[in-house]
Amino acid sequence: MKNAIKRFSTLALVIMIVLSLTACGQNGKTPTVEPTTAPTAGADSDDLLAKYDPAIDMTAWRFLNNGIQFAEGDDIENNVWIDYYREVFGINLTYDWVVPEEQYEQKMNIAVASGDLPDLMWLNNKNLIDLAENDLLYDLTELYETRTSDFTKSILEQDITSFNTAKIGGKLMAIPHTGSAIDSLQILYIRTDWLENLNLEMPTTMQELLAVAEAFTNDDPDQNGQDDTYGLGLTKNFIKDNHFGATGFFAGYHGYVRRWIDDGNGGVVYGSIQPEIKEGLLELQRMYAEGQIDPEFGVKDRNKVQEAIASGKLGIMYGGMSTPGAILKFNVVNDPNAKWEAIELVSIDNETAMPITKMPVTRYYGVNKNFKHPEAIMKLVEAGSAGYARDNKDTADEWQDKLSHVDGIAVWQYQVIGYEPAKKNLIAHHNVVEALETGDTSNLNLEEQGYYDRIKLYEAGDREHYGDAHIFGTPSSFDIIDRYVQSEDYLYDKFYGSPTATMVERNATLQAMEEEVFTNIIMGAPIDTFDKFVEDWKNLGGDDITKELNEWYKSSK
């Protein structure tokens with residue numbers, strides 16, 4: 001869960017409102033659950049949240065998030081969440097060790113290698129596989145099936161591909177810390193008032209998009225009589241930037257920069273060295289030479305390119321779901337005539353252009369095979385899901401005001417198990433649109449109510465709320481993401497494990513070379529430079545990384 005944790009009081013109510021699943025509220029209260037004291041240790045009770053009596057001990061390890069703060073007198077082993085686990089569940093949680101986030105992987109690797117394991121472990125994908133293959137983790141398959149509510153399952157399995165990364169050999173060996181993959185899918189944004197000024201239609205193919213970019217550059221789309229516009233906005237970090245990046249452009253050629261993709265033979269290959277990228281680079285080179293891309297794009301960061309949007313100099317950009325609020329808002333506030341529309345990626349041929357996203361799971365919660373109370377993790381998992389219930393506006397209990405924020409400090413970060421619904425923002429969009437259509441806001445949670453209120457302000461003329469209206473209302477960026485999800489027209493980066501040995505040693509150098517070569521090609525270097533880059537990438541460690549990743553890919557299955 002994020003700092004946007006919502007109110008809730010009992011798991012019974014949670015299960016009753018399974019179908020009301022939605023986002024956790026940005027301004028809401030932390031969820032809590034009412035304990036029931038079991039006559040035994042609580043392990044065999046039908047009540048998922050039965051309190052252990054007498055209490056049990058549980059050890060764990062973890063890192064401290066960067067920027068985490070503690071109230072005076074508190075630390076990671078002495079805080080409201082430790083009290084909560086003890087008083088509500090009868091679980092005495094202590095940590096074998098805690099380190100800063102940047103030291104965690106090294107510390108974890110040493111602990112795993114030595115076999116010095118606590119009861120509950122935060123693991124990365126590599127160590128999850130290693131421990132499972134060495135029979136050191138408790139198989140959670142049956143516990144998950146029998147001691148997890150349908151509500152919690154509906155959260156964890158919203159993105160079944162991500163959830164299944166916790167399975168080794170078909171067995172659930174950990175609970176994944178799920179998040180959203182779809183929120184980062186690339187979207188194409190186009191100024192429709194410029195299209196109207198030039199009597200152009202919305203492009204549906206890459207060929208049509210290129211023609212629009214040329215017209216936006218040469219045909220005075222803002223009708224100010226000056227040659228002062230560019231077709232496509234890019235930053236110097238176009239390989240990795242979600243706003244003003246080129247990953248959506250390359251996807252139009254079925255190329256995937258900085259991603260690992262299926263090689264068609266059961267393995268993976270690096271997307272940036274594939275011929276589709278060369279084709280996309282050649283087109284960007286032509287656009288740059290013809291003035292359709294800012295000649296200074298290679299030295300401009302996002303803020304500088306955003307200034308061009310705000311001042312009305314750009315008509316096409318690739319972005320994400322948050323682009324209307326993070327970028328486009330500044331243009332429409334400055335220019336009351338400015339209109340933008342989000343559309344799906346366009347393709348160079350009859351094959352659908354698919355955006356690609358990273359697997360959003362970077363942490364797994366595993367249980368030591370020798371732990372006497374493996375079912376205890378499921379109680380903490382249930383507590384982690386309770387905050388995502390919709391009907392949370394008027395509930396209250398003694399814990400709610402303690403577990404989210406205290407004196408401005410985000411104490412929700414102290415919890416040992418948390419996760420996020422993969423589709424929480426998409427579901428919020430659906431709920432807000434329904435409320436806008438019906439005028440009935442009774443089913444909105446606190447977060448959604450905030451979106452709704454700001455959208456109504458936008459509809460009343462306050463353009464400062466353009467972002468909310470065009471992210472969570474309709475037409476909006478989430479309309480496009482919804483289409484991707486409904487049609488399943490998106491891809492996952494095939495690699496979601498920890499960096500391999502050669503990656504640690506060589507990847508920074510290889511990526512820097514990639515950025516330099518691609519930028520130079522766009523700015524006029526011979527296209528054959530790409531072939532030299534591919535050769536150098538392979539010789540300077542790329543082939544070794546590819547071998548290592550294919551070994552991981554085989555083991556991850």
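The values are calculated or read from the model by the stated rules, or taken from the named source; none is laboratory data. The shown structure was predicted, so the numbers you read here are calculated from the model rather than taken from an experiment. Don't worry about glycine lacking a Cβ; one is built from the backbone with ideal geometry, like all the others, and counts go over all protein chains shown.
Numbers below:
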{"quantity": "Yes/no for residue 164 being at negative phi and more than 26 Å from the chain's Cα centre (by Cα)", "calculated": "no"}
{"quantity": "Residue check for residue 451: buried (at least 20 other Cβ atoms within 10 Å of the Cβ), under 24 Å from residue 82 (Cα atoms) and at pLDDT 90 or above", "calculated": "no"}
{"quantity": "Filter result (surrounded by 18 or more Cβ atoms within 10 Å (Cβ to Cβ) and in contact with a helix residue (DSSP H, G or I) (Cβ under 8 Å, 6 or more places away or on another chain)) within segment 95-118", "calculated": "108, 112, 117"}
{"quantity": "Per-region count, segment 339-352, residues surrounded by fewer than 17 Cβ atoms within 10 Å (Cβ to Cβ) and either closer than 25 Å to residue 276 by Cα or not assigned by TED's automatic domain parsing to the domain that holds residue 253 (or both)", "calculated": "4"}
{"quantity": "Those residues of segment 442-479 which are over 23 Å from residue 337 (Cα atoms) and not aromatic (Phe, Trp, Tyr), in sequence order", "calculated": "442, 443, 444, 445, 446, 447, 448, 449, 450, 453"}
{"quantity": "Any hit, segment 509-517, residues being closer than 30 Å to residue 441 by Cα, among the β-branched types (Val, Ile, Thr), crowded, with 17+ Cβ neighbours inside 10 Å and in contact with a helix residue (DSSP H, G or I) (Cβ under 8 Å, 6 or more places away or on another chain)", "calculated": "no"}
{"quantity": "Segment 300-331, residues that are buried (at least 23 other Cβ atoms within 10 Å of the Cβ) and over 26 Å from the mean Cα position of the chain (by Cα)", "calculated": "314, 315"}
{"quantity": "Flag if residue 178 is over 18 Å from residue 306 (Cβ atoms), assigned by TED's automatic domain parsing to the domain that holds residue 161 and not in a strand (DSSP E or B)", "calculated": "yes"}
{"quantity": "Selection within segment 135-170 - among the β-branched types (Val, Ile, Thr) and surrounded by fewer than 18 Cβ atoms within 10 Å (Cβ to Cβ)", "calculated": "141, 146, 160, 161"}
{"quantity": "Yes/no for residue 520 being of a type in the set (S, T, N, Q), farther than 30 Å from residue 124 by Cβ and in contact with a Gly (Cβ under 9 Å, 6 or more places away or on another chain)", "calculated": "yes"}
{"quantity": "Residue list for segment 311-333, restricted to those being among the small types (Gly, Ala, Ser) and either outside any loop (DSSP other than H, G, I, E, B) or at positive phi (or both)", "calculated": "312, 315, 319, 325, 326"}
{"quantity": "Cβ pairs under 7 Å, 6+ apart, first in segment 527-546 and on the phi < 0 side of the Ramachandran plot, second in a loop (DSSP other than H, G, I, E, B)", "calculated": "545/500"}
{"quantity": "Check on residue 491, surrounded by fewer than 20 Cβ atoms within 10 Å (Cβ to Cβ) and under 30 Å from residue 192 (Cα atoms)", "calculated": "yes"}
{"quantity": "Matching option when the condition is closer than 25 Å to residue 270 by Cβ, part of a helix (DSSP H, G or I) and outside the structural domain of residue 467 (by TED's automatic domain parsing), among 248, 255", "calculated": "248"}
{"quantity": "Failed item in (1) at pLDDT 95 or above; (2) over 22 Å from residue 277 (Cα atoms), with residue 336 passing the rest", "calculated": "(1)"}
{"quantity": "Residue match in segment 50-59 (condition: modelled with pLDDT under 95, farther than 18 Å from residue 410 by Cα and among the hydrophobic types (A, V, I, L, M, F, W, C))", "calculated": "yes"}
{"quantity": "Residue count, segment 190-230 (criterion: under 19 Å from residue 305 (Cα atoms) and not in a loop (DSSP other than H, G, I, E, B))", "calculated": "8"}
{"quantity": "Residue selected from segment 332-362 under the condition more than 16 Å from the chain's Cα centre (by Cα) and among the charged types (D, E, K, R), by the criterion nearest to residue 556 (Cα to Cα)", "calculated": "351"}
{"quantity": "Test: residue in segment 146-155 that is under 26 Å from the mean Cα position of the chain (by Cα), closer than 30 Å to residue 314 by Cβ and among the small types (Gly, Ala, Ser)", "calculated": "no"}
{"quantity": "Residues of segment 271-296 that turn out to be crowded, with 19+ Cβ neighbours inside 10 Å, not aliphatic (A, V, I, L, M) and not in a helix (DSSP H, G or I), as a count", "calculated": "3"}
{"quantity": "Condition check for residue 261: within 22 Å of the chain's Cα centre (by Cα) and among the β-branched types (Val, Ile, Thr)", "calculated": "yes"}
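Residue by residue, here is whether (1) farther than 23 Å from residue 483 by Cβ; (2) among the basic types (Lys, Arg) holds:
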residue	(1), (2)
184	no, no
190	no, no
223	yes, no
230	yes, no
236	yes, yes
243	no, no
251	no, no
264	yes, no
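Residue-by-condition table, conditions (1) over 30 Å from residue 450 (Cβ atoms); (2) in contact with a Ser or Thr (Cβ under 7 Å, 6 or more places away or on another chain); (3) assigned to a helix (DSSP H, G or I); (4) not charged (D, E, K, R):
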{"site": "502", "(1), (2), (3), (4)": "yes, no, yes, yes"}
{"site": "521", "(1), (2), (3), (4)": "yes, yes, yes, yes"}
{"site": "524", "(1), (2), (3), (4)": "yes, no, no, yes"}
{"site": "551", "(1), (2), (3), (4)": "yes, no, yes, no"}
